[in-house]
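Q: Before I ask anything, let me first share the structure, which is written out below as structure tokens.
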Amino acid sequence: MTWVIFILFSAFTRGIGDVFYKKLSFDFTPQTILLISAFLNLVFLTPTFGGVGLLETKLFILVFLKAVAMTTGWLLFLYSLKKLPISIATPLQMLSTLFSIIFGFLFLKESLTPLQSAGIIILLSGVLSLQLLSKKEKKDAETTNKILSKAFFLGIIASFFSALSLTLDRYLLRDLIDPVNLQFWFYIFILTNTLAVFLLLKTPAHKEVQNLRSKWWIFIILSFFLVISDKTYMIAATYPLALLGLLIPMKRLSIIVSVFIGGKAFKEKNLGSKIFATLVMLAGLCLMVW
């Protein structure tokens with residue numbers, strides 16, 4: 001079960017990254033955050049790119065599609081995170097579990113044991129509890145209710161694209177492409193895709209540069225944790241026993257870190273109830289890896 005250790009570490013570092021994402025969302029647009037973090041990720045990963053080579057046409061297209069899906073998912077998630085409390089926005093990403101299970105059954109012919117299926121149901125019940133808490137918090141902000149509802153919906157859509165990208169990960173890493181090549185070309189495409197969005201939306205670059213002068217160090221820390229999270233996730237994904245139906249739900253356990261640390265840092269409401277919900281999710285995890 002070595003892959004379990006890698007995926008749990010990936011979840012922990014991603015959870016820390018989400019806290020820094022939320023910190024940056026107060027001063028930057030989603031496309032700016034993603035553009036800068038993608039560039040820094042490439043810089044951090046440069047020492048590992050010794051074996052990078054050109055891809056054949058089929059792989060090139062699949063990695064590009066993966067990057068398009070993840071770019072869309074990340075931008076929607078960052079918008080949701082900007083408008084919602086971190087203890088609500090990050091749990092929405094757990095809905096990618098439902099999408100990933102469907103993708104796993106349809107495209108990768110994977111199956112789950114009854115015990116593992118029960119674990120996923122318990123895990124999702126914890127997510128549902130957090131979502132119910134969000135309705136209560138919406139009532140306290142009636143003037144911005146429409147914005148919150150839109151952000152909530154877009155967070156769900158982000159989960160769909162995230163699951164699609166991660167499903168392509170699982171397929172590509174089955175002896176089609178090595179993790180180094182996948183990671184390199186993935187971030188190249190993420191960078192170019194986000195730059196295109198940045199330009200199409202006519203993002204106010206002058207204002208973003210001004211904010212960057214005092215917040216650059218947050219981007220450095222964010223990218224450091226994201227690179228570690230991606231690296232350990234890809235290592236876990238290469239293990240034959242690492243089922244897609246378990247891999248993605250476990251990666252989404254980053255929510256536990258987000259709720260505990262992010263909720264405290266940003267002094268969010270109903271934190272005790274949200275912490276209880278994360279414990280329910282942890283119980284589901286125990287069944288899933290039993």
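The values are calculated or read from the model by the stated rules, or taken from the named source; none is laboratory data. As the structure is a computational prediction, the values presented were derived from the model and not from experiment. Glycine also receives a Cβ, built like all others from the backbone with ideal geometry; neighbour counts cover every protein chain displayed. Only protein heavy atoms, including side chains, enter the accessible area calculation; ligands, DNA and RNA are left aside. Shrake-Rupley method; radii C 1.70, N 1.55, O 1.52, S 1.80 Å.
Q: Could we say that V68 is surrounded by fewer than 19 Cβ atoms within 10 Å (Cβ to Cβ), modelled with pLDDT of 85 or more and among the β-branched types (V, I, T) here?
A: Yes.
Q: Also, I was wondering about something else. Just give me the residues in the stretch 1-22 being in a helix (DSSP H, G or I) and open to solvent by 40 Å² or more (accessible area, probe 1.4 Å), in sequence order.
A: T2, I5, F6, L8, F9, F12, F20
Q: Something else now. Considering only helices (runs of 4 or more DSSP H) fully contained in the stretch 173-282, which possess at least 2 residues that are β-branched (V, I, T) and open to solvent by 40 Å² or more (accessible area, probe 1.4 Å)?
A: 179-200, 205-237
Q: Something else about it: Let me confirm something: among V68, V4, which residue is under 25 Å from K202 (Cβ atoms) and of a type in the set (A, V, I, L, M)?
A: V68
Q: Among the residues of the stretch 49-66, is any over 16 Å from the mean Cα position of the chain (by Cα) and of a type in the set (S, T, Y)?
A: Yes; the residues of the stretch 49-66 include at least one that is over 16 Å from the mean Cα position of the chain (by Cα) and of a type in the set (S, T, Y).
Q: Another question, then. Can we say S134 is part of a helix (DSSP H, G or I) and either at pLDDT below 80 or open to solvent by less than 10 Å² (accessible area, probe 1.4 Å) (or both)?
A: So S134 fits the description; yes.
Here's the yes/no breakdown for (1) in contact with a helix residue (DSSP H, G or I) (Cβ under 9 Å, 6 or more places away or on another chain); (2) closer than 13 Å to L212 by Cα; (3) open to solvent by 80 Å² or more (accessible area, probe 1.4 Å):
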| position | (1), (2), (3) |
| --- | --- |
| L24 | yes, yes, no |
| T29 | yes, yes, no |
| L34 | yes, no, no |
| F39 | yes, no, yes |
| L42 | yes, no, no |
| G51 | yes, no, no |
| L55 | yes, no, no |
| F60 | yes, no, yes |
| V63 | yes, no, no |
